[in-house]
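The values are calculated or read from the model by the stated rules, or taken from the named source; none is laboratory data. Note that the coordinates shown come from a computational prediction; the quantities given were computed from them, not determined experimentally. Cβ placement follows ideal geometry from the backbone for every residue including glycine, while neighbour counts extend to all protein chains displayed. These area figures cover heavy atoms from the full protein model, side chains too; ligands, DNA and RNA do not enter into them. Shrake-Rupley method; radii C 1.70, N 1.55, O 1.52, S 1.80 Å.
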Amino acid sequence: MRKLLKVAGWILLSLFLLVVALVCTGLALRARRQQEIAKAIAIRTPNGIDEAMYVRIGGIDQWIQIRGQDRASPVLLCLHGGPGGSWLALTSTLLPWEKEFTVVQWDQRGTGKTLETTGPSVAATMTVARMAQDGIEVSEYVRAHLHKDKIVLLGFSWGSLLGVHMVKQRPDLFYAYVGTGQVSDMRKAQQLSYAYALDKARAANDTKAVATLQSIGPPPFASMEKIGAFFRILGSYECEADRNAGPRTLTAPNYSLRDIYYLFRGFAQVPTFRVYNELLTADAAALGTDFQIPVFFFQGALDERTQAPLAKAYFDAIQAPHKEFVLFEGAGHFAVWSSSDQFLQELASRVRPFTHEP
C-alpha cells in the first residue's frame, strides 16, 4: 500500500510540474509575442502621439488611449460596443487608421481598465444617459487636450446608441457622426434576431439550441439569464466574416493578465439587466431624426443583431446637412473589425473631407 501511495504521489507531483512547465512556457510565449506586437505598433513619426492615461470623467477615473502618426490629423473617438466590449486590444488591427486619424479609444464606465479603478459597484451608475454624458466629457477633454475645434465620432453597436445621444445633445463638438452596427428599432431587431437564430438552429438540427430558444421564448427577455442564453446562441450562428474577426486580447501588448480579467468581467458580469434593457428596447428615431452634423452609416449586409434594413429605414428618416449609407457586402455586425481596411477607406474618402483639416 505504501508503495502504491508513493507511486501515486510521484505521478501527482509529475503532473503538477508538467502543468507548471506548460503555464510558464505559455506565459513566456505570450510575453515574447507581446514584445513583437509592441515593436510593430510603436509610433516613431516626429509628430506622432502615443498616450494612455486615466482622466477624471463623470466623477470617476476612466481610461483613454490616444494614438496617431501625426497630431495634425483629425481626431476619431471610438465608442465600443457591449456594454463592456473594450477596443483596446484592437490597436494592432486599427494601426493603419492611425495614418489618417488620431484614434482615441475609451474604456467606458464598467469596462476593462476603467472597471479596475472603480470595482463592480459602478454597475449601479451605468445608464444610457450617464454614459452618454461621460462620452460628452471625454469629447470635451480630447478637444482641449489635442487643441482641436471638433472631432469625428464613431459609434459601434451599444456605442452607436450612446453616439446618437451625444451628437443630438452636443453637435458643436463633432464634425460628423459615423454609426456601424447602428442601433435603430431594437424591439424589431430582437424579434428578427430571435427568428434568425431559431431558423438557423433548426436548419443545423441543433436540438439543444432550439429547445433553449423555445424555453426562453421570443423577446422581450425578462432576465439577464435569458439575454445571455439568447446571445450565446445568436453568436454561434453569426456570419463567417464575424466568426473570423475580433481582438487578440491574450497577446495585446497593452493588456496584463489582470487587465484581461477585468475586461471579461466588465463584459460578462458587471452590466445589469437595467442597462441591457435600455439597449434592447431602444428606438433611436424616438430621439428625433434631425441632425445638425453630417451622418454616415457603415453597415454590414449580413448583420444579424442590428439588421441593415432597419438601419436603412432609420437612415432614410434622418434629416442632416449631409448623409451617406454604405453597405459592406459579406460583412456582419462586426464589419468595423472584419473589414477594417475597407472601413478605413470609407472613413478617409467620405468622412475626413468634412473635418476641414490637412
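The set of residues in segment 59-68 that are surrounded by 23 or more Cβ atoms within 10 Å (Cβ to Cβ) and more than 19 Å from Ser256 (Cβ to Cβ) contains only Gly68. On the stretch given as segment 30-68, residues that are under 21 Å from the mean Cα position of the chain (by Cα) and either at pLDDT 95 or above or among the acidic types (Asp, Glu) (or both) total 17. Of all residues in segment 238-297, which are among the hydrophobic types (A, V, I, L, M, F, W, C) and assigned to a loop (DSSP other than H, G, I, E, B)? Of everything in segment 238-297, those that are among the hydrophobic types (A, V, I, L, M, F, W, C) and assigned to a loop (DSSP other than H, G, I, E, B) turn out to be Cys239, Ala245, Ala252, Val270, Ala282, Phe291, Ile293.
The number of residues in segment 103-126 being at positive phi and surrounded by fewer than 24 Cβ atoms within 10 Å (Cβ to Cβ) comes to 1. If you go through segment 262-289 and pick out every residue that is over 17 Å from the mean Cα position of the chain (by Cα) and free of Cβ contacts under 8 Å to residues at least 60 places away in the same chain, you end up with 4.
Among the residues making up segment 287-315, those that are farther than 16 Å from Gly163 by Cβ, of a type in the set (Gly, Ala, Ser) and buried (at least 20 other Cβ atoms within 10 Å of the Cβ) are Gly300, Ala308. For segment 172-189, a residue qualifies if it is open to solvent by 20 Å² or more (accessible area, probe 1.4 Å) and of a type outside the set (Phe, Trp, Tyr), and the qualifying residues are Asp172, Asp185, Arg187, Lys188. Against the test of being of a type outside the set (Asp, Glu) and modelled with pLDDT under 95, the options Leu27, Leu77 yield a single qualifying residue, Leu27. I need the full set of residues from segment 317-355 which are closer than 16 Å to Phe291 by Cα and not in a loop (DSSP other than H, G, I, E, B), in order please. Across segment 317-355, the qualifying residues are Ala317, Gln319, Lys323, Glu324, Phe325, Val351, Phe354. Contact annotation: residue pairs with Cβ atoms under 7 Å, 6 or more positions apart or on different chains, pairing a residue in segment 316-338 that is of a type in the set (Ser, Thr, Tyr) with a partner that is surrounded by fewer than 13 Cβ atoms within 10 Å (Cβ to Cβ), are Ser338/Asn244.
Scanning segment 217-251 for residues that are among the aliphatic types (A, V, I, L, M) and modelled with pLDDT under 75 yields Ala245, Leu250. Kindly indicate whether any position in segment 259-270 is surrounded by fewer than 19 Cβ atoms within 10 Å (Cβ to Cβ) and closer than 22 Å to Thr306 by Cα. Checked against the condition, which is being surrounded by fewer than 19 Cβ atoms within 10 Å (Cβ to Cβ) and closer than 22 Å to Thr306 by Cα, segment 259-270 yields at least one hit. When the residues of segment 218-227 are filtered to those that are in contact (Cβ under 8 Å) with a residue 12 or more places away in the chain and part of a helix (DSSP H, G or I), the one that is most open to solvent (accessible area, probe 1.4 Å) is Met224.
Answer yes or no as to whether Phe343 is in contact with a helix residue (DSSP H, G or I) (Cβ under 6 Å, 6 or more places away or on another chain) and closer than 18 Å to Leu77 by Cα. Yes, satisfied.
If you go through segment 316-347 and keep only what is open to solvent by 30 Å² or more (accessible area, probe 1.4 Å) and of a type in the set (S, T, N, Q), you end up with Gln319, Ser338, Gln342, Gln345. In segment 69-85, the qualifying residues are those that are within 10 Å of the chain's Cα centre (by Cα) and open to solvent by 10 Å² or more (accessible area, probe 1.4 Å), and the one that is nearest to Thr249 (Cα to Cα) is Gly85. Scanning segment 190-217 for residues that are without any contact (Cβ under 8 Å) to a residue 12 or more places away in the chain and open to solvent by less than 20 Å² (accessible area, probe 1.4 Å) yields a single hit, Gly217.
Just a yes or no: is a residue in segment 127-141 among the β-branched types (Val, Ile, Thr), in contact (Cβ under 8 Å) with a residue 60 or more places away in the chain, farther than 17 Å from Tyr177 by Cα and open to solvent by 10 Å² or more (accessible area, probe 1.4 Å)? Yes, segment 127-141 contains a residue that is among the β-branched types (Val, Ile, Thr), in contact (Cβ under 8 Å) with a residue 60 or more places away in the chain, farther than 17 Å from Tyr177 by Cα and open to solvent by 10 Å² or more (accessible area, probe 1.4 Å). It is to be established whether one or more residues within segment 343-354 are modelled with pLDDT under 95 and not acidic (Asp, Glu). No, the conditions are met nowhere in segment 343-354.
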